[in-house]
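Let me begin by presenting the structure, written as structure tokens, before commenting on it.
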Amino acid sequence: MTLGYKKVIQAITISLLIAIFLNGCGQRAFQQSRLLMGTLIEVTVVCRDQVQANKAIETAFQEMGRVEHLLSIYQNESPISMINNLAGDQTVMVDSEVFQILKEAIGYGKLTSGAFDLGIGPLTSLWDFGQGHIPSKDEIAAKLLLVDYRDVILNEGGEVRFGAAGMAIDLGGIAKGYAVDRAIEVLEANGVSRAMVNAGGDMRVIGRIWRIGIQHPREANSVLGILRLKDEAVATSGDYQRYFIKDGVRYHHIIDPRTGWPATDCMSVTIVAKEAAMADALATGCFVLGPKLGMELIRSLPGVEGIIVSSEGKVLASSELIKSCRFFSRDSDKGITESEYQGRI
Ligand code: AMP
Ligand code: MG
């Protein structure tokens, strides 16, 4: 990408990810942003009436607040905190919504051969990315023994139990996507047919084509490419989202459940899917799997597309995605082949 071109792209880029919308038929886009689930959430609706827009946006935020109360590990009273406090010693009952989310998250554990592990909690709680704290090898080795999605045992009727004391669930890899799906649901229930909900890069769009910039993993105000999506979700997991660098090594928040250390093979993974929860979980899982196995998984799943930037800066994209994405990678022209895109950041 030439510098001039990059400047043009930057001019239409806002913060991490961008959505560019054009108004038609006398309709306007109304947008509000709020801090929820530890991230900035933007809700955009396209409609004629500001009153309807404000009401719909408010209910969408309320719904995401509700999801945060259900799934947060930082709120002591949440069902997930209750499970984490008790399920090592006794069976815990949860409502059907939480049960379904746990079931779905365990399903992504199976689908990714354990790369996505909802039981990653004992390891994630060792790290402090704000303070730049690195756990010791012994601490990591000890906690690693407590991480296995197969030991989160669900029994129909809403019962949850851990296979061992000390285990802990962390739904940080899927919760934002799930919240986005629920927010879209309530927007639709409020009569909104064109909307975008963006939870820090995990987003879903409905009703028309939205143009969405994919964050460049190493240049803050730059995009890798622009996706055109309609009635789909997209999520990105990146090693630039929560991280610190110590002695030249980047430590970030996506942990490889096989080693206990931050996953090493990718800079970012972007997944396009019908639902945001799926895109979110697969982005995290494929990040851990790495470019080869991650892209194999993406290709094997109908309706799922993806872009993987390897730790060497190689950009891979699945075949259908090439049709809906304009890349700005340096050697993009050379990189496009019949079945896949290969470029460099
Ligand atoms: P994301 O930004 O969606 O990739 O999610 C990253 C978050 O998911 C982390 O902050 C953790 O809360 C959690 N997480 C980290 N590693 C994993 C993993 N291997 N499987 C599932 N969740 C993870
Ligand atoms: Mg995720």
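Suppose we filter 300, 339, 332 for residues that are at pLDDT below 95, of a type in the set (S, T, N, Q) and open to solvent by 40 Å² or more (accessible area, probe 1.4 Å); which single one remains?
Checking each option against the conditions leaves just 339.
Could you tell me which of the residues 284, 270 is touching a residue at least 12 places away in the same chain (Cβ under 8 Å), within 14 Å of ligand 2 (Cβ to nearest atom) and over 24 Å from residue 141 (Cβ atoms)?
After ruling out the rest, the residue left standing is 270.
Residues of segment 99-126 being farther than 19 Å from residue 265 by Cβ and not in a helix (DSSP H, G or I), which ones?
Answer for segment 99-126, where residues must be farther than 19 Å from residue 265 by Cβ and not in a helix (DSSP H, G or I): 118, 119, 125, 126.
Which of the residues that make up segment 293-327 are assigned to a helix (DSSP H, G or I) and either within 13 Å of ligand 2 (Cβ to nearest atom) or within 18 Å of residue 109 (Cα to Cα) (or both)? Let's see the steps before the verdict.
To start, the set of residues in segment 293-327 that are assigned to a helix (DSSP H, G or I) comprises 293-300, 319-324.
Passing the criteria: 293, 294, 295, 296, 297, 298, 299, 300.
Among the listed residues 172, 163, which satisfies the condition of being within 16 Å of ligand 1 (Cβ to nearest atom) and open to solvent by less than 60 Å² (accessible area, probe 1.4 Å)?
Result: 172 is the single residue among 172, 163 that is within 16 Å of ligand 1 (Cβ to nearest atom) and open to solvent by less than 60 Å² (accessible area, probe 1.4 Å).
From (1) within 16 Å of ligand 2 (Cβ to nearest atom); (2) open to solvent by 10 Å² or more (accessible area, probe 1.4 Å); (3) part of a strand (DSSP E or B), pick out the condition that doesn't hold for residue 153.
(1)
Is it the case that residue 226 is open to solvent by less than 10 Å² (accessible area, probe 1.4 Å), touching a Lys or Arg at 6+ places or on another chain (Cβ under 9 Å), under 13 Å from residue 327 (Cα atoms) and β-branched (Val, Ile, Thr)?
Considered against the rule, which asks whether it is open to solvent by less than 10 Å² (accessible area, probe 1.4 Å), touching a Lys or Arg at 6+ places or on another chain (Cβ under 9 Å), under 13 Å from residue 327 (Cα atoms) and β-branched (Val, Ile, Thr), residue 226 comes out as no.
Identify all residues within segment 194-208 that are more than 16 Å from ligand 2 (Cβ to nearest atom) and either surrounded by 24 or more Cβ atoms within 10 Å (Cβ to Cβ) or in contact (Cβ under 8 Å) with a residue 60 or more places away in the chain (or both); write none if there are none. Walk me through it before giving the result.
Of segment 194-208, the ones more than 16 Å from ligand 2 (Cβ to nearest atom) are 194-196, 205-208.
Correct list: 194, 195, 196, 205, 207, 208.
Find the residue count for segment 234-267, including only residues that are open to solvent by less than 40 Å² (accessible area, probe 1.4 Å), within 16 Å of ligand 2 (Cβ to nearest atom) and closer than 25 Å to residue 150 by Cβ.
Result for segment 234-267: 9.
Restricting attention to segment 77-98, which residues are open to solvent by 10 Å² or more (accessible area, probe 1.4 Å) and in a helix (DSSP H, G or I)?
The answer is 79, 82, 84, 85, 86, 96, 97.
Is it the case that some residue within segment 176-191 is within 16 Å of ligand 2 (Cβ to nearest atom) and surrounded by fewer than 18 Cβ atoms within 10 Å (Cβ to Cβ)?
So far as segment 176-191 goes, no, none of its residues is within 16 Å of ligand 2 (Cβ to nearest atom) and surrounded by fewer than 18 Cβ atoms within 10 Å (Cβ to Cβ).
The values are calculated or read from the model by the stated rules, or taken from the named source; none is laboratory data. Since we're looking at a predicted model, the values are computed, not measured. Virtual Cβ from ideal backbone geometry, glycine too; neighbours counted across all protein chains shown. For accessibility, only protein heavy atoms count, side chains too; no ligands or nucleic acids. Shrake-Rupley method; radii C 1.70, N 1.55, O 1.52, S 1.80 Å.
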